[in-house]
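The values are calculated or read from the model by the stated rules, or taken from the named source; none is laboratory data. The structure presented is a predicted model; accordingly, all values stated were derived computationally and were not measured. Don't worry about glycine lacking a Cβ; one is built from the backbone with ideal geometry, like all the others, and counts go over all protein chains shown.
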Amino acid sequence: MRVYDSQPLDVARRFVDSGAEWIHVVDLDGAFAGHGSQNRSIVSEMVKQAGVPIQFGGGVRSIDDIEELIDNGVSRVVLGTLATESLDKLRTIVERFDEAVAVAIDARDGRVMSRGWEQVTELTTTELSGVVAAAGVKRIVYTDIGRDGMLSGINVDQTNAVARAGSISVTASGGVGSLDDLRTLREKADRRVDSVIVGKALYEGRFSLKEAIETAR
């Protein structure tokens, strides 16, 4: 584990000052511990201070979790394990919260992973994309686990396949290491791939957020 900054709220402010219009937050503790993570209070404070919408995922295991986060101002809640384990519950969630929820498809070698990337499911990425789209989900956040944090470029082909399988909006995630990666995504992505999450490359100083935003546009 590498700690880049001990003050998440300061990081959020810097992102906003650099032009961020959304901030994506993952509660890594929550992905394993569930609702009991202490990071929930930090996210609540971030909502109050950032001034831009917050997208949050990690450890969201129930409808009560989603309701609490939205009540605390989170604009979009990203579901992972919950979406792979209970389709009936997912339908209920979509009926209730609509576009305030998205589904994370985290995959390794084409197979969907759950429970903090520890459990392999029987589903392929394209199968799950079709399933969640049929349940009414409007957005998928697709992460190629093998590339996440490696700064080795986005798996554009698989990201496109997920978008096409569900005919659904997709946020790409995992692997951005250079501005060229963003250019490649912009040029080769399916029209439904309309956004990308950038994390480690910013913390490592590979480029600035302003440069990333300008390149993505």
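Taking ILE66 as meeting all but one of (1) among the hydrophobic types (A, V, I, L, M, F, W, C); (2) over 16 Å from the mean Cα position of the chain (by Cα); (3) farther than 26 Å from ALA212 by Cβ, write down the number of the exception.
(2)
Which residues, counting only those in region 84-129, are at pLDDT 95 or above and assigned to a strand (DSSP E or B)?
VAL101, ALA102, VAL103
Pairs please, first residue from region 12-32 and within 19 Å of GLU214 (Cα to Cα), second anywhere and hydroxyl-bearing (Ser, Thr, Tyr) and not in a helix (DSSP H, G or I), Cβ atoms under 9 Å, 6+ apart in sequence or on different chains.
Every condition considered, the pairs that remain are SER18/SER208; TRP22/SER75; TRP22/SER195; HIS24/THR171; HIS24/SER173.
Just to be sure before I move on: is LEU90 crowded, with 21+ Cβ neighbours inside 10 Å, farther than 15 Å from GLY136 by Cα and touching a helix residue (DSSP H, G or I) at 6+ places or on another chain (Cβ under 9 Å) in the structure I sent?
no
Taking region 176-217 only, how many residues are part of a loop (DSSP other than H, G, I, E, B) and in contact with a strand residue (DSSP E or B) (Cβ under 6 Å, 6 or more places away or on another chain)?
Number satisfying all stated conditions: 2.
Out of the residues in region 161-185 meeting the condition of being within 27 Å of ASP98 (Cα to Cα) and more than 16 Å from the chain's Cα centre (by Cα), tell me which one is surrounded by the most Cβ atoms within 10 Å (Cβ to Cβ).
That would be GLY166.
Is there any pair linking a residue in region 129-145 that is on the phi < 0 side of the Ramachandran plot to one that is acidic (Asp, Glu) and at pLDDT 95 or above, with Cβ under 6 Å and at least six apart or on different chains, and which?
LYS138/GLU99
Please go through region 12-28 and pick out each residue that is in contact with a Ser or Thr (Cβ under 8 Å, 6 or more places away or on another chain) and at positive phi.
Listed by number, the list is empty, since nothing qualifies.
Hey, can you tell me all the residues within region 186-217 that are closer than 21 Å to ASP17 by Cα, within 17 Å of the chain's Cα centre (by Cα) and of a type in the set (Val, Ile, Thr)?
Scanning region 186-217 gives VAL196, ILE197, VAL198.
Report, by residue number, each residue of region 136-166 that is modelled with pLDDT under 95 and in a loop (DSSP other than H, G, I, E, B).
Within region 136-166, ILE145, GLY146, ARG147, ASP148, GLY149, MET150, LEU151, SER152, GLY153, ILE154, ASN155 qualify.
Restricting attention to region 170-198, and to residues there that are among the hydroxyl-bearing types (Ser, Thr, Tyr) and in contact with a Ser or Thr (Cβ under 8 Å, 6 or more places away or on another chain), which single residue is modelled with the lowest pLDDT?
Taking the candidates together, the pick is SER173.
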